[in-house]
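> Got a structure for you, questions after.
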Amino acid sequence: MASADLQITTADGTGFDNRPIGVFDSGYGGLTVARALQRRLPEESIVYFGDSARCPYGPRDQAEVDRFVQQICSWLTGRDVKMIVIACNTATAAGLVHAQQVFDVPVVGVVEPGARAAAHTTRNRRVGVIATKGTVDSNAYADAIRHIDAGITVFSTATPRFVEIAEMGLRMSEGPIEDFMAEATKVYIRPEFEDIARQYLEPLRRCEIDTLVLGCTHYPLLKALIGGVVGRPVTLVSSADETARDVDHILTRRGAHAEPGHMPTASFFTTGVDTEEFRRFGGRVLSRPMDVVEHVDLPAV
């Protein structure tokens, strides 16, 4: 019997590769991408790394984030992953190209898949992007969207408090009403959250966008809130499902899917000190329990 991490070539020349896919983010948000991968590719194993100790990446200098990206990619390749998904928009903007030049395994980010989906979705060619300050300042989405269709006008705005709202909403389970809401919607939304969302999103509505890119992997957790503010005419684009589709296509081209019937594993690591909090919180993002989360110390770079 082949071992769990063995690459296999069959008699007809097709291949299988049971090694895991490495996924990382500055914290919890990238678990929305891991969730999309598990749904689309249920036989694939995943190694997830959350850099909670250095979160958030958004306000940091791009060069510093690039160093984090190279360090974590190196750590993941040390665990023999077959490809790496940078499940963080800020990290993708800062370090994807560098990582693709350095590492032997395929490295994909979340910006291009989301940008492509937005460019193909918009009808009036007016696209909004909400993201962290680092992602907005990089112009990564605007450049990627307009590379696909130079006639599209992109309106970008930094919405950093949405990360805080997403995490606060997932943690709110103190009272019976909040218990019910958390179970029903995954993220509990307080009235003041809606006020913040309106302040962020009303300027984009006035720009008459018909497509809005959720340019941070935390933001799909707030789809109901964001969609309620921008209204039905605006299509929300999350890069998580688009990234999972790209990963599937890459594995197909490389003959590197896990073999049929493979029993996948999911391993979770964090630089944060509170692994129990990561386990409980992350399980809610994944919509399935996390059995074990291990702490990892990374040296300063």
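The values are calculated or read from the model by the stated rules, or taken from the named source; none is laboratory data. Since we're looking at a predicted model, the values are computed, not measured. We place every Cβ from the backbone using ideal geometry, glycine too, and count neighbours over all the protein chains shown. Surface accessibility is based on the protein's heavy atoms, side chains included, excluding ligands, DNA and RNA. Shrake-Rupley method; radii C 1.70, N 1.55, O 1.52, S 1.80 Å.
> In the stretch 213-274, carbon and sulfur make up what percent of the accessible area (probe 1.4 Å)?
Numbers: 1420 of 2670 Å².
So the carbon and sulfur contribution to the accessible surface is 53 percent.
> In addition: Please name which of Val292, Ala117, Gly282 has its Cα lying farthest along the dipole of the chain towards the positive end, using unit charges on Cβ (Lys, Arg +1; Asp, Glu -1) and the Cα centre as origin.
Value computed over the given set: Ala117.
> Continuing with this model, one more query. Magnitude of the Cβ-charge dipole of the chain, K/R +1 and D/E -1, about the Cα centre, nearest 20 debye? Write out the running numbers ahead of the final one.
Numbers: 31 positive and 39 negative charges, 177 e Å.
Charge dipole of the chain: 860 debye, to the nearest 20.
> Which percent of the accessible heavy-atom area of the stretch 53-131 goes to carbon and sulfur, probe 1.4 angstrom? Intermediate results must be reported in sequence, preceding the final value.
Working: 1400 of 3030 Å².
The C+S portion of the solvent-accessible surface of the stretch 53-131 is 46 percent.
> Leaving out ligands and nucleic acids, note down the accessible area per residue over the chain with a 1.4 angstrom probe, in whole Å². Provide the component values of the computation, followed by the final result.
On the way: 13680 Å² over 301 residues.
Value for the chain: 45 Å² per residue.
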